[in-house]
Structures are given as structure tokens and as C-alpha cells.
Amino acid sequence: MPFINDRLADTERRRMETERRIDAGRDRSGASVATGEGGGIESRYRFDVDAIMSAIRREILGQDDAVAAVERMLRIVRADISDPHRPLHTALFLGPTGVGKTEIVRALARALHGDAEAFCRVDMNTLSQEHYAAALTGAPPGYVGSKEGTTLLDQERIEGSLRKPGIVLFDELEKASDEVVGALLNVFDNGLLTTASGERTYSFRNTLVFMTSNLGARRLQKDAERRQGWLGRWWSRGPLRERQYRLVERELLGRFAPEFVNRIDSISVFQWLDGDTLNELVDLELARLNRRLEKHRVELRLTESVHRQVREAGYDRKFGARAMRRAMRHVVEAPLAEYLLITPNPDSEPRVLEAMPGRDTVSFRRLGIAPANA
């Protein structure tokens with residue numbers, strides 16, 4: 001069996017090379033370490049936790065507990081004191097849809113790597129049946145595609161670099177098959193995932209692993225409704241975080257084995273969005289639009305009625321604020337584009353426009369104030 005033995009030896013060699021490449025950065029005696037923040041301990045990682053968190057807090061609103069959990073995670077990683085034989089951190093985000101579970105990963109990728117898409121995303125609803133598990137681990141020997149070792153994983157984005165960790169998101173975790181969950185359990189144990197063919201090994205030892213799930217969302221919704229009014233607040237007195245975790249714990253353990261849940265480093269429950277947060281989300285979308293309008297020397301403002309129209313169109317109790325960006329485009333951006341295309345501005349003067357209710361759609365009027373950045 002010389003051929004098979006050679007293949008096995010080659011696979012083992014590549015696996016060891018992958019381990020050495022990731023673990024080399026953890027060697028404190030080498031020259032690869034960087035000075036820690038504030039003159040503290042040395043670390044191979046070079047990113048500013050405070051700057052990253054400032055960027056995340058501008059994007060993620062109304063989820064203080066989850067944001068605080070991400071900050072704690074980043075400080076542990078920045079100090080480079082994680083277990084070298086496991087992923088840097090595994091986090092599970094629970095809660096209803098449209099409240100920012102996926103967006104917080106995008107905000108982290110943008111702040112850490114300069115690109116909101118700089119992470120490997122795996123939609124677990126595509127791996128809901130047993131025979132789809134090969135999409136994650138590759139086809140086993142003897143099956144079509146086994147030699148190619150093709151999977152849904154992006155090795156470069158997962159493994160990151162010596163200075164910055166990689167990021168992977170397993171979205172809608174509860175929809176994955178048991179075989180896929182078992183493969184993740186192995187990843188949590190030793191930080192490695194070898195394809196079924198044995199020809200490729202993915203290292204998660206320099207990776208931030210995030211998972212999202214809607215488990216317990218209905219229980220959380222009922223709890224949020226029960227807390228309305230003074231009687232509900234009295235009935236639901238006590239630490240909110242502990243009560244919410246108890247609400248979802250039964251469903252979490254009903255879907256996943258205790259040994260899987262116990263290997264998750266942090267579990268965060270995302271909150272339903274309140275009125276103040278929704279107003280801030282509209283302001284955030286307006287700020288994003290104004291940044292895109294800078295090249296046209298235009299600044300846009302919204303009257304209170306238009307602001308409210310966007311807020312109401314962009315939020316649904318069942319689907320959260322997932323449609324807020326779409327609402328801004330439909331209510332404001334479409335009529336604004338038409339206005340800019342047909343309204344002459346021969347001298348290319350800076351314009352401040354105000355969106356106000358019209359007969360059939362939003363209309364605009366020009367204010368006599370120049371943008372501050374003009």
C-alpha cells in the first residue's frame with residue numbers, strides 16, 4: 001500500500017505545517033510580537049480594541065450586552081492569552097430576527113479588516129439534511145468531488161493572518177444537521193477541521209467563531225410584551241440577562257447536546273428594538289446616505305413626519321429592523337434621485353435639502369444653508 005501511505009504522510013505533513021504556521025505567532029520568544037496597548041504586555045496582534053469598539057457602537061444600536069461581550073472577547077484576543085489549541089473565541093448570538101446579530105459580525109469585519117464582507121459566512125439552513133454535510137467537510141473518499149476537497153469554507157478568511165484573526169459566521173445554527181453540528185464540536189475541541197477525504201485541514205486556531213440562532217425568539221417576544229407597563233416591570237423584576245437566558249436555555253439544550261453548548265465561550269441574547277433605538281437607526285441610515293451624497297455636495301435632512309414614515313416602514317415586530325435600509329431607499333432615496341436628476345444646479349453650489357411629505361411621495365425643498373464640509 002505504498003501509494004496510500006504516501007498520501008497519508010503528505011496529509012499529515014500539511015496538517016502539521018498549518019499548525020506550525022498558526023502557532024508560530026504565539027511564540028513569545030520570537031520577533032513577531034508587538035508592543036501591547038498602553039505599554040502593557042506584548043502580543044502578536046496589532047489592532048486597536050478601543051477604535052474597533054467605537055466603530056461597532058456607531059453601527060450596532062440597542063444591544064449593549066452583546067457589544068460588551070464582543071469587547072471582552074477582543075481584549076482577551078488582543079492580549080494573546082487564548083488556548084492555542086482551540087479557536088480564539090466561540091460566540092453564540094440568540095434572539096429575534098432583524099435586531100443586529102449578523103450585522104455585528106459585519107461591523108467587526110469592517111473595523112478589523114476594512115471590509116464588511118471580510119469573513120467566511122456559512123448559511124446553515126443549506127446544511128439541514130444529512131447528505132448536505134459534505135458541503136462543509138467535503139465529500140468522503142469514493143464519492144464525486146472527493147478528490148477536489150471542495151467545501152463552503154474560505155480558508156484565507158478563516159485563518160486570518162499573524163497580526164489579525166480570521167472570522168467565520170455560522171448563520172442560523174439551529175437549522176444545521178446533527179452531522180454538521182458534530183463537525184463543529186470537533187472544531188471547538190481542537191481548532192482543526194479535516195475534510196472527509198483527508199487531503200485538507202482548516203485551522204480555526206486563529207479564528208473568531210460566531211454563530212447565530214433564532215431559538216427562543218418567541219419566548220423572548222412574549223417576555224418583552226409582558227414587561228410593558230408598570231405591572232409587567234414589577235412582575236419581571238430581577239436581572240434581565242439572567243431571566244432571558246433561562247427562557248432560551250430549555251430550547252437551546254433541546255436542540256444541542258450539553259457538551260456542544262458547554263464549549264461555547266459566550267452566549268449573548270439580543271434585545272427587541274425600542275422606539276428610541278429605531279429613531280437612532282433612521283439617523284444612522286440618513287448619515288450613510290449623506291456620506292454618499294458628499295460627492296454631489298448635497299446634504300439631506302428629514303422632517304419629523306418623513307423620519308417617522310421611514311421608521312414605521314422599516315420596522316416590523318416580527319421581522320425586526322431588517323427592512324430599515326430598504327425603507328430608506330423606497331421612501332427617500334428614489335424620489336431624491338429623481339429630484340437631483342431633473343433639478344438644475346449650473347454652478348454646482350452646495351445644497352442642503354429637506355425631505356418633506358408630498359402629495360404622492362416625498363418632496364424636497366432647498367434650504368439656504370451650505371453643508372459644513374462644502
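Each value in this text was obtained by applying a stated rule to the coordinates, not by laboratory testing. Just so we're clear, the structure is a prediction, and the values are computed from it rather than from any experiment. Note that each Cβ is placed from the backbone with ideal geometry, even for glycine, and that neighbours are counted across all protein chains shown.
Please list 3J(HN,Hα) in residue order for the range 58-73, calculated via the Karplus relation 6.51 cos²θ - 1.76 cosθ + 1.60 where θ = phi - 60°; whole Hz, with x for glycine and proline.
Per residue, the Karplus-derived 3J(HN,Hα) values read 6, 9, 10, 10, x, 10, 4, 5, 5, 5, 5, 5, 5, 5, 4, 4 Hz.
Grab the beta carbon distance between M356 and T126, set R0 = 35 Å, and tell me the FRET efficiency rounded to 0.05.
After rounding to 0.05, the efficiency reads 0.20.
Give me, ordered by chain and number, the residues 5 or more places off R121 or on other chains with an amide H under 5 Å from its own placed amide H.
L169
So the label point goes 7 Å from the Cα of A116 along Cα→C-beta, right? Which residues of the range 43-66 then have their backbone N under 16 Å from it?
From the range 43-66, the list is 55-61.
For E280 and N190, what does the FRET efficiency come to when R0 = 35 Å and r is the distance between their Cβ atoms, rounded to the nearest 0.05?
0.25
In nm, to one decimal, how far is the L340 label point from the A55 one, both placed 7 Å along Cα→Cβ?
Inter-label distance under the simple model: 2.5 nm.
Contour minus end-to-end for N290 and E304, with contour as 0.36 nm per residue of separation and end-to-end as the Cα-Cα distance?
Using 0.36 nm per residue and subtracting the Cα-Cα distance, I get 3.3 nm.
Write down the Å³ per residue value for the convex hull defined by the alpha carbon atoms of the range 258-356.
Output value, Cα hull per residue: 131 Å³.
I want the local charge near F270. Using Cβ-Cβ distances under 11 Å, sum +1 for each Lys or Arg and -1 for each Asp or Glu among the other residues.
So the surrounding residues net to -2.
Enter the mean projected area of the convex hull around the alpha-carbon atoms of the range 56-132, in nm², rounded to one decimal.
It is 6.8 nm².
Near E259, within a Cβ-to-Cβ distance under 15 Å, what is the net charge of the other residues, with Lys and Arg +1 and Asp and Glu -1?
In short, 0.
Determine the sum of side-chain charges near V352: Lys and Arg each +1, Asp and Glu each -1, restricted to other residues whose C-beta is under 14 angstrom from that of V352.
+1
So how much slack lies between R366 and D83, counting 0.36 nm per residue of separation and subtracting their Cα-Cα distance, in nm?
Going from the current span to full extension adds 96.0 nm.
Once label points are set 7 Å from the Cα along Cα→Cβ at both R75 and E312, what is their separation, rounded to one decimal in nm?
Distance between the two pseudo-spin positions: 4.4 nm.
At a Förster radius of 35 Å, what calculated FRET efficiency corresponds to the Cβ-Cβ distance of N262 and R322, to the nearest 0.05?
That pair, N262 with R322, gives E of 0.65.
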